[in-house]
Amino acid sequence: MKVSVTILTYNQKNFIGKAIDSALAQQTDFDFEILVGDDCSTDGAQEVIQAYQDKYPNKVKAVLHSKNLGQNGLFNTIETLKLAKGRYIAPMDGDDYWTEPLKLQKQVDFMEAHPDFSACFHNALITYEDGSASHVLNPPDQKTVITVEDLVGEDEIWFMATSAVMFKNGLMHYPEWFLQSTSGDIPRYVILAKQGPIGYVPGVMSVYRKNRGGASFRDHYQDARFLYNRIRMYEGINKELGHQYDALLKRNIARYYRMLLDARQYQKRYFQRAGLALKYLYLGKPNKETTKETIRDYILPKWLLQVYSFFALLPHRLKESSR
């Protein structure tokens, strides 16, 4: 078995058929299997998946969980991967689909020609549920060899759609910080890149749908729980990489502490927010103007500023009243 296609889904009845069909349409000179891992859907998706297994028993395997494994689908992914027999893994989310029937063949050809690479990816078309204009994910000058250095930075870095990646089976491991992360893609690519470069195969070969049922619409940047999860994830990545990129990752972590200052859970909690502001200043080391604004807005209590303003203006007021 050369490739295991892993389609991961939860409550995507309206999309899962197209995802499976796009995998069945692949034209290859090797054998591949399609594992469809469903995280206990309640919308009828499991019946759709079972029907595909009944129709294609030698190609499609339904991995139907009787209870929801949680953690944003991560445990569904892990349990499905345990069953994969292929040398390479080609993942896909249940609401995405492949548009190029030679996708698997092209990626396997690349991996076979570059045995030192851990993975490869291609371009993807991003479409939106609201019907707004679609666009491709990767630019024309996309870097063709990706290393760990390309995946860490002050900002969150993401340029590989799940449906666009193929990686060697057996390379992934799941430390505790990964198991607790609500993001699967970012830590997965870092762990893969540690074990070999990731190559870019030109061409738009899949569609990444953004819809309200997708994970990207559950990322709340004003929610403290989500932001703390991101902080723990990047602290875990920093440890995973032996603190080799400590300064960059600390500035990345600092961004999330800055976002925490405006999280809805801290709107009326002065002391907690002041402590977070100090953490942000310590890790992020922003410029003088930003530091000044942060101290003014989040550390100095409003009553103290009001007292300061009162006494600062007092001479002027006394002068005016004496006239």
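A few comments on the model shown:
- For the chain: accessible area per residue (Å², 1.4 Å): 51
- Nearest-10 value in Å² for the accessible area of Arg87, using the 1.4 Å probe: 130
- The chain - mean residue ellipticity at 222 nm from DSSP helices (-39,500 (n - 2.57) per run, n ≥ 4, rounded to 500): -12500 deg cm²/dmol
- By the Kirkwood approach, averaging reciprocal distances over each pair of separate Cα atoms, segment 1-132 gets a hydrodynamic radius of 15.3 Å.
- Members of Lys18/Lys67; Lys13/Lys106; Lys2/Lys168; Lys18/Lys55 lying beyond 18 Å, as alpha-carbon distances in this model show: Lys18/Lys67; Lys13/Lys106
- C-alpha long axis of helix 224-240 to longest principal axis of the chain, angle in °: 70
- For segment 227-290: relative contact order, % (alpha-carbon pairs under 8 angstrom, 6 or more apart): 34
- Rg then Dmax, both in Å and based on the Cα atoms of the chain: 24.5, 97.
- Rounded to the nearest 20 debye, dipole of segment 85-178 from Cβ charges on Lys, Arg, Asp, Glu: 620
- On Cα atoms only, tilt of 13-24 relative to the major axis of the chain in degrees: 50
- The C-alpha atoms of the chain define a longest principal axis, and helix 185-194 lies at about 70 degrees to it.
- Cα-based reach from Lys279 at 22 Å (exclusive), listing lysines while leaving out same-chain residues under 8 positions away: Lys239, Lys250, Lys268, Lys288, Lys292, Lys302
- Element breakdown for segment 21-107 at a 1.4 angstrom probe: carbon and sulfur atoms account for 47% of the accessible area.
- Rounded to 5, the percent of DSSP beta bridges in the chain classed as antiparallel: 30
- Segment 182-290: radius of gyration over Cα atoms, expressed as a fraction of 2.2 N^0.38 Å: 1.28
The values are calculated or read from the model by the stated rules, or taken from the named source; none is laboratory data. Computed from a predicted model, the values in this text were never measured in an experiment. FYI the Cβ positions are ideal-geometry reconstructions off the backbone, even for glycines, and counts take in every protein chain you see. Heavy atoms of the whole protein, side chains included, go into the accessibility calculation; ligands, DNA and RNA do not. Shrake-Rupley method; radii C 1.70, N 1.55, O 1.52, S 1.80 Å.
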